[in-house]
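Novice: Please read through the structure below; I'll follow up with questions.
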Protein chains: 2
Amino acid sequence: MHTVVFLPDEKSVRVEDGKCLLDVAVANDIFIGGSCGGEGLCGKCKIKIEEGSVPARPSPILTEDEIDKGVRLSCQTRVTGNLRVQILTETRLGDQRVLGRKKTRILRGIDFDSVRKDWTLAPLVEKFYLELKPPTSSSNMNDSERVLRHLRLRHGIDATFDFNALKELAKTLRSKDFHVTTSVLMLGPQPRILKVEKGDTTRRHFSIAIDVGTTSVYGYLLDLNTGMVMGEESDYNAQIAYGDDVITRIIFSQKEDGLKKLQGLIVKTINGLCARLMKVGKIKKTEISYIVFSGNTTMIHLLYGIDPKYIRESPYVPTVLSLPPIDAQSLGLDLPESTLVFSIPCVASFMGGDIVAGILFFGLHKKDETILYIDVGTNGEIVLGSEEAVLSASCSAGPAFEGVTIGDGMRATRGAIEEVRLNPKTFEPMLLTIGHTCPKGICGSGLIDLVAELLEVGLLTPNGKFEPRSETKRIKEINGRREFILCAQQDFPGGREIVLTEPDIDDLMRSKAAVYACISVLLRNAGLSLKDIDKVAISGNFGRFLDIERAITIGLLPDIPRDKFIFIGNGSLMGAALASLSIHAFQEAVEISGKVTNIELTDNPMFMDEYIQALFFPHTHCEEFPTITKRLKSVFGRGG
Amino acid sequence: MHTVVFLPDEKSVRVEDGKCLLDVAVANDIFIGGSCGGEGLCGKCKIKIEEGSVPARPSPILTEDEIDKGVRLSCQTRVTGNLRVQILTETRLGDQRVLGRKKTRILRGIDFDSVRKDWTLAPLVEKFYLELKPPTSSSNMNDSERVLRHLRLRHGIDATFDFNALKELAKTLRSKDFHVTTSVLMLGPQPRILKVEKGDTTRRHFSIAIDVGTTSVYGYLLDLNTGMVMGEESDYNAQIAYGDDVITRIIFSQKEDGLKKLQGLIVKTINGLCARLMKVGKIKKTEISYIVFSGNTTMIHLLYGIDPKYIRESPYVPTVLSLPPIDAQSLGLDLPESTLVFSIPCVASFMGGDIVAGILFFGLHKKDETILYIDVGTNGEIVLGSEEAVLSASCSAGPAFEGVTIGDGMRATRGAIEEVRLNPKTFEPMLLTIGHTCPKGICGSGLIDLVAELLEVGLLTPNGKFEPRSETKRIKEINGRREFILCAQQDFPGGREIVLTEPDIDDLMRSKAAVYACISVLLRNAGLSLKDIDKVAISGNFGRFLDIERAITIGLLPDIPRDKFIFIGNGSLMGAALASLSIHAFQEAVEISGKVTNIELTDNPMFMDEYIQALFFPHTHCEEFPTITKRLKSVFGRGG
């Protein structure tokens, strides 16, 4: 660790070796300009090294003279020792107020291992090693009965044989002196023998848990003997070629062979994911006993090849919420026929097994506190509850948070602007992109950052329009449409213009209003108010990069004490993993799916009412956002 | 009906219109010669019409003079009015003793319909017509739950959905206003919905019962609404190309792709059978809810593609006796994937579901009498029991009864000699073939007839050798091997020689000895004797053509009162049909399979002992065959 002191404010921070100086500044709310996302092209993030040594990297931006004087590009500078750094006048922000809007990245409040340890390891399929006695003329019962009898007498398990496990049974029993390992499905009205292998294979026993998301698919490889996660992989859902959200996928599924195509694509994605997990874990296909899927209702329908048509037509009825275990091959998965697939049951058309899994993982349904559980992606799913009752509601948040619909939006991949700071005086931006490369567009978290910054610096009014009185060349008007130039073409060589338009802001406002209205409806239905919420659990990938303070600033999340927020990671994946390790957890997921009361918001007057009130930054009822109202007041000089 | 009086004995018989005169004579034990099987070629069956009119058919055998005098070939003569018929000296048998060995064809003692009526009609898969209410926003449970709930509330059935029934559910429900028919598997720990069809299809609900025999396959098409048999078809098992009995099939199954080939062949046979049944019944594939198979243990293994290797290796262990219901397509059957297949559970490697089905059909396990149940084909399966206990044993009867192994043997098809009478003085034969065509060979029942006749006329000694003192050109000796010429080449134009050799007789003796020894072992194990047997039930195709008196004469069946014998037809098929119509019957079959105690006869000293004692016609212990011993005594002039 090194100490870096930023001048002129003498702000001293501790920094890990090798960190990028621009990142250090951003993390500590010190404003340094920057338009190229950290690529070293715009030259706006110049600083001067007053003490300490920083090797100069050749750059067309810096003159030899500058280099001699210790001037560097902060985005190109790694901290390798103690430093004193002068922020140059042209980049420095004279106003300390920026430090008041400190970034609040939520802490991860819960990890998989700690939750897993609360559950007895009890896989859905168990392996039993049997040392049978070979048949003799005085004990010549048939092979299958010999196995069943041993299971009954030695292990207390009254099982039946699956047909496929019978075919090669005679040969298998005789290939290692009647010493075999049986794989037995423990879930259901009667245990079922799925497979018989020669010898003792009990030490090689794995499962895969997969979160089947609309955009991304995440998988864990789990060792069923230890409960440990052996590998983790993710990929885009290959279906995204046919639409960004569940609605467009459902529409596509109604075309000729559409359903078959979509199923084929997700199966292809999952096959790839499994192959990588097996490679990472050095596992053979035959060692995977089963997969537990968790996904929203539409994704599960598409994965199983079940027509999702009526999910999107009022009154929004899915074909099925809870699927029986079936063999992996019948979905087209590249796994042995004895490998089963399970899925976490869903609650309703727009309240899927991914949320049930999250509730299971977080234990919401067993808490004596009131929990608000939020999973925002293209859909926003909100759950409010405790051990007493669980309510849920979902809203189409629209793909704004995924960065998809807005003009210069993009997914959170390399080149996406994910953090934005604006100089409150000059309105010049400091941009950080994923991968520190030239900005290509703006992703969901960057969009929230930017809109919050625009509000903070007074460029944007609470109704989502650019302040007409502001005078800055960053705002231009084309055909009556105003837009903020986040990145001008001339900011660096090869730069492209990236703008945020008022329609883009409307889009975000509608999305955040839908989520917030959804929270409000749940609270009203439960007879609770904001102050009754003991914890807010944020789940999903979106939460990973979410600045909680910014999300409250725009009115996406409620203005309650920040320490009530916790980020639980991918609740869907981890719930599926739990259900994969413990039959009790799986059964609890089934119970949760039956216990959750889902409130349909479409054509719901209360929701429409709440939604309209939320179409404002942060909200038309400023008393619901006291800390934000107070802060913005100093900008706009008014009370709400 | 007409009256025919045979002269010179004035024997008067009542005859149906159109009957063949030779058949009438045979049925009434009146001897008329005949070598060509009824084809009209040998001219040995000439008779003279004394009164009444019989149109003459042109024949190269009869002269015009003969025709004018009323001479006719009895095999070519149909009875169309009252007749007085003179049996000509050259064909007439002067000895009345022949009437003493009256043919005893067993009467069918039991028919399917009468047994069926004792069972409540309760198919393994039931159809329920549901008039569901379409979903509304206040009742928007998912489609599958809507179906399950209705079944639960209206029909008291707590079912689960099979995955395949879910795929098209949404569309099916909506194609006829949520009026659907569900097919529900009622067998097992929890009812399972297999299929959902639009509208009311309950009136079209069928199953097929199939007896999968080593040689032949028989099927019934059953209406599950009425319990009626709608059609009946049979075919050879196409596997016979690869061996006549189960042992040769098992050996073939061990060759490369052997099992796959054999499975393919029986599936092909069954597909053909089902297609014909559906055509006859005017039924669509989708209207067949399931098939119930009944077969010996090897046939069931081969049909399901399960390696039967260890069935024939000591200690004779099959892979499985009781198979779970699976979908027809997984066996390769040309039926919808929702059509299930069941099979009647087996007892042991050589005591199959065919016998369990027969026990079920006859109700042996519920009788307060002691029943001997006999099913003889290439294998002989014998069951002895009552409501108290059921013992079984099987022996390899060898294919002699199927007419296969002996030199001039053949299956019971067109041209097979099925009935034989010998003139006790001249030893000239009267032959009747299946289809009244020229004899091609001798089938199982013909063989038993012939050997019994040879014993009766004194040409064969009880140890199975031709009487050395007899002088007839019908017996010739070639290289020390003696044989009986049943049909000489010159007997009719284009005739072929058909002979019975001493090795052929040895073959038959071994077969009958095995069956009889099997009966003896069962009796000894049960602590019973012959007089304790209240009824003998003969099952199977072999029994259909069996002359009970002749079978006792050679010592195949025990010498007990003839009225104790009853023929029950194809017990395997009818048991399968019962189990198909009633879940209670199916469950009873499962119970029977567990209740039967099978005695393994291989390397069984008691069996070897009994077998050796039975290697004699009828038996070395002549007191076991009192009526036969008494009758044959007059031939051989000795007491046993």
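The values are calculated or read from the model by the stated rules, or taken from the named source; none is laboratory data. Just so we're clear, the structure is a prediction, and the values are computed from it rather than from any experiment. Cβ atoms come from the backbone with ideal geometry, glycine included; neighbour counts cover every protein chain shown. To get the accessible areas, we keep the full protein, side chains included, count just its heavy atoms, and leave off ligands, DNA and RNA. Shrake-Rupley method; radii C 1.70, N 1.55, O 1.52, S 1.80 Å.
Novice: Here are some residues: B:ASP307, B:ASP235. Which one is open to solvent by 10 Å² or more (accessible area, probe 1.4 Å), in contact with a Leu (Cβ under 7 Å, 6 or more places away or on another chain) and within 14 Å of another protein chain (Cβ to nearest Cβ)?
Specialist: Exactly one of B:ASP307, B:ASP235 is open to solvent by 10 Å² or more (accessible area, probe 1.4 Å), in contact with a Leu (Cβ under 7 Å, 6 or more places away or on another chain) and within 14 Å of another protein chain (Cβ to nearest Cβ), namely B:ASP307.
Novice: Of the residues that sit in segment A:151-161 and are more than 7 Å from chain B (Cβ to nearest Cβ) and open to solvent by 30 Å² or more (accessible area, probe 1.4 Å), which one is farthest from A:ASP200 (Cα to Cα)?
Specialist: It comes out as A:ASP158.
Novice: Would you check which residues across segment B:555-571 are basic (Lys, Arg) and without any contact (Cβ under 8 Å) to a residue 40 or more places away in the chain and list them? It would help to see each step written out before you state the result.
Specialist: Here is the first cut: in segment B:555-571, the residues basic (Lys, Arg) are B:562, B:564.
Hit for segment B:555-571 is B:LYS564, nothing else.
Novice: Right, something else. Checking the structure you have, find out if any residue of segment B:221-230 is open to solvent by 50 Å² or more (accessible area, probe 1.4 Å), of a type outside the set (Phe, Trp, Tyr) and part of a helix (DSSP H, G or I).
Specialist: no
Novice: Considering every residue within segment A:287-303, establish whether at least one is more than 16 Å from A:SER593 (Cβ to Cβ), away from every other protein chain (no Cβ under 11 Å) and part of a loop (DSSP other than H, G, I, E, B).
Specialist: no
Novice: Further, regarding this structure: Suppose we filter segment A:421-440 for residues that are open to solvent by less than 30 Å² (accessible area, probe 1.4 Å) and either in contact with a strand residue (DSSP E or B) (Cβ under 6 Å, 6 or more places away or on another chain) or more than 18 Å from A:ILE485 (Cβ to Cβ) (or both); how many remain?
Specialist: Counting residues in segment A:421-440 that are open to solvent by less than 30 Å² (accessible area, probe 1.4 Å) and either in contact with a strand residue (DSSP E or B) (Cβ under 6 Å, 6 or more places away or on another chain) or more than 18 Å from A:ILE485 (Cβ to Cβ) (or both) gives 9.
Novice: Return the residue satisfying two criteria in turn: it lies in segment A:127-143 and is touching a helix residue (DSSP H, G or I) at 6+ places or on another chain (Cβ under 9 Å) and assigned to a strand (DSSP E or B), and of such residues it is nearest to the other protein chains (Cβ to nearest Cβ).
Specialist: A:SER139
Novice: Only one of B:ARG146, B:ARG92 is in a helix (DSSP H, G or I) and either open to solvent by 40 Å² or more (accessible area, probe 1.4 Å) or at pLDDT 95 or above (or both). Can you tell me which?
Specialist: B:ARG146
Novice: What's the total number of residues in segment B:151-172 that are part of a helix (DSSP H, G or I) and over 20 Å from B:SER289 (Cβ atoms)?
Specialist: The number of residues fulfilling the criteria is 5.
Novice: Applying the selection to segment B:78-89, what residues are modelled with pLDDT under 90 and part of a loop (DSSP other than H, G, I, E, B)?
Specialist: Within segment B:78-89, B:LEU88, B:THR89 qualify.
Novice: Take segment B:341-375 and flag every residue that is in a strand (DSSP E or B) and open to solvent by less than 10 Å² (accessible area, probe 1.4 Å).
Specialist: Correct list: B:VAL341, B:PHE342, B:SER343, B:MET351, B:ILE371, B:LEU372, B:TYR373, B:ILE374.
Novice: Can you name every residue in segment A:31-67 that is of a type in the set (A, V, I, L, M, F, W, C) and either farther than 20 Å from A:LYS425 by Cβ or at pLDDT 80 or above (or both)? Walk me through how you get there before you give the answer.
Specialist: Start the filter on segment A:31-67 by keeping residues that are of a type in the set (A, V, I, L, M, F, W, C), which leaves A:31-32, A:36, A:41-42, A:45, A:47, A:49, A:54, A:56, A:61-62, A:67.
Within segment A:31-67, A:ILE32, A:CYS36, A:LEU41, A:CYS42, A:CYS45, A:ILE47, A:ILE49, A:VAL54, A:ALA56, A:ILE61, A:LEU62, A:ILE67 meet the criteria.
Novice: From the list B:LEU384, B:LEU321, which residue is within 16 Å of B:GLY571 (Cα to Cα) and buried (at least 24 other Cβ atoms within 10 Å of the Cβ)? Let's see the steps before the verdict.
Specialist: Working: B:LEU321 fails: within 16 Å of B:GLY571 (Cα to Cα).
It is B:LEU384.
Novice: Got at least one residue in segment A:295-302 being touching a residue at least 60 places away in the same chain (Cβ under 8 Å), more than 20 Å from the chain's Cα centre (by Cα) and either under 30 Å from A:ALA537 (Cα atoms) or open to solvent by less than 10 Å² (accessible area, probe 1.4 Å) (or both)?
Specialist: Yes, the conditions are met somewhere in segment A:295-302.
Novice: Which condition breaks for A:ALA165 when tested against (1) open to solvent by less than 20 Å² (accessible area, probe 1.4 Å); (2) touching a residue at least 60 places away in the same chain (Cβ under 8 Å); (3) more than 14 Å from chain B (Cβ to nearest Cβ)?
Specialist: All conditions pass for A:ALA165, except number (3).
Novice: Would you please name the residue that is most open to solvent (accessible area, probe 1.4 Å), looking only at residues in segment B:530-587 that are of a type in the set (Lys, Arg) and out of contact with any Asp or Glu (no Cβ under 9 Å at 6 or more places or on another chain)?
Specialist: Here the residue is B:LYS531.
Novice: Can you name every residue in segment B:312-358 that is under 17 Å from A:ARG146 (Cβ atoms), touching a residue at least 24 places away in the same chain (Cβ under 8 Å) and more than 9 Å from every other protein chain (Cβ to nearest Cβ)?
Specialist: Scanning segment B:312-358 gives B:PRO345, B:VAL347.
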